[in-house]
Amino acid sequence: MNNSGLAVEVSKDRNGTDQILLRNPRGASTKVSLHGGQVLSWRTDRGEELLFTSSKAIFKPPYAVRGGIPICFPQFGQRGSLEQHGFARNRTWIIDENPPPLHPNDACGKAYIDLLLKPSEDDLKIWPHSFEFRLRVNLTADGNLSLISRIRNINCKPFSFSIAYHTYFSISDISEVRVEGLETLDYLDNLYQRERFTEQGDALTFESEVDRVYLGSRDAIAIFDHERKRTFFIKKEGLPDVGVWNPWEKKSKAMVDFGDEEYKQMLCVNGAAVEKPVTLKPGEEWTGRLELSVVPSS
């Protein structure tokens, strides 16, 4: 589980589901639930929460929690026959006590937890592919948060999947935020039946609902929050696409697990593999990495 001497605490939430708190020596922390293998909190060493969770979020299975970092697998959005964003975020994961080894750099000096999801008989009825989904959540000495996913095909035939880390960032005000690293990229706009456009601006700013998937992005994206004077950096490997979502006013009012005005305090920017699904032959394994950091900005 974690042998670095850093704090790893397991407790139960109000519904009896195990959750794991990782803490580094400086006091930064992250909280992970076995419901969905979902990161629910990421705090700085000053106790400042960096992830958004709705005040109306439903924490009771089988609902997905509106906030944190839900894992969308094996489907993103409604691009297939499964429920929206697939079933991984609605399943109970287990702690993986004996995971296959990762590179030593993925453990040294970090508080971490390894989780595992395997399909149930009911899952196999709706998506007939056997897999092992291993997730390591790391909190570094600097307070950076990383998620490493390893998905193995233990089936006798190939299968394909999409995946996204649907990260809800906590921001001061959506009108005070800009995203850099997406300029000149093509994107699919879900507000226009996934029609393909090209990003024309030097930075992405927000004045209305946005629901896009940027294609073939570079491996580093930045979210500048001018009012809070901080910048989130998103680094990724094996995740060529970037989803960007803010529901804005009208859609916020239609969601039962989301406050009417909460769209102002959140922005989803997702490392994803969506346009070209990942295909695994029998026995093959895919690895994807997401690393989040935050720094003060002037």
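Read the figures in this text as sums done on the coordinates, not as results from a lab. These numbers come from a predicted model, not from an experiment. Quick reminder, even Gly has a Cβ in these numbers, built from the backbone with ideal geometry, and neighbours come from all protein chains shown.
Quick notes
- In order along region 240-252, the Karplus-derived 3J(HN,Hα) couplings, from 6.51 cos²θ - 1.76 cosθ + 1.60 at θ = phi - 60°, round to x, 10, 9, x, 10, 9, 9, x, 6, 5, 5, 5, 4 Hz, and Gly and Pro are given as x.
- For region 97-155, radius of gyration divided by Kirkwood radius, i.e. Rg to Rh on alpha-carbons: 1.09
- Using distinct alpha-carbon pairs, which all enter the 1/r mean, Kirkwood radius of the chain in Å: 19.5
- Using a Gaussian network model of the chain in which every pair of alpha carbons under 10 angstrom is joined by a spring, one finds that among GLN75, GLN193, GLN19 the greatest mean-square fluctuation is at GLN193.
- Its DSSP H runs of at least 4 residues, each contributing -39,500 (n - 2.57), put the calculated 222 nm mean residue ellipticity of the chain at -1000 deg cm²/dmol, to the nearest 500.
- Under the convention that each Lys and Arg Cβ holds +1 and each Asp and Glu Cβ holds -1, the size of the dipole of the chain around its Cα centre is about 660 debye.
- Region 268-276 - phi-based ³J(HN,Hα) in whole Hz, Karplus 6.51/-1.76/1.60, Gly and Pro as x: 8, 10, 10, x, 8, 10, 10, 4, 10
- Counted by Cβ distance under 10 Å from ARG26, the other residues give a net charge of 0, where Lys and Arg count +1 and Asp and Glu count -1.
- The phi-based Karplus calculation (6.51 cos²θ - 1.76 cosθ + 1.60; θ = phi - 60°) puts the 3J(HN,Hα) values of region 30-47 at 9, 10, 10, 9, 6, 6, x, x, 9, 6, 9, 8, 8, 10, 6, 5, 9, x Hz, whole numbers, x for Gly and Pro.
- Exceedance of the 24 Å cut-off in Cα-Cα distance is limited, within the set LYS12/LYS229; LYS56/LYS229; LYS110/LYS281; LYS56/LYS250; LYS31/LYS236, to LYS12/LYS229; LYS56/LYS229; LYS110/LYS281.
- Remark on region 1-153: Rg and Dmax equal 15.5, 46 Å (Cα only).
- In region 106-184, the GluC sites (Glu not before Pro) that fall in loop regions by DSSP, at most 11 other Cβ within 10 Å: none
- For the chain, built as a Gaussian network whose Cα springs stay under 10 Å, the top-fluctuating residue of VAL256, VAL244, VAL278: VAL256
- Neighbourhood charge, 13 Å Cβ-Cβ cut-off, centred on ASP45 and excluding it, Lys, Arg +1 and Asp, Glu -1: +1
- In the elastic network of the chain, a GNM with C-alpha springs shorter than 10 Å, the most mobile of GLY181, GLY16, GLY201 is GLY16.
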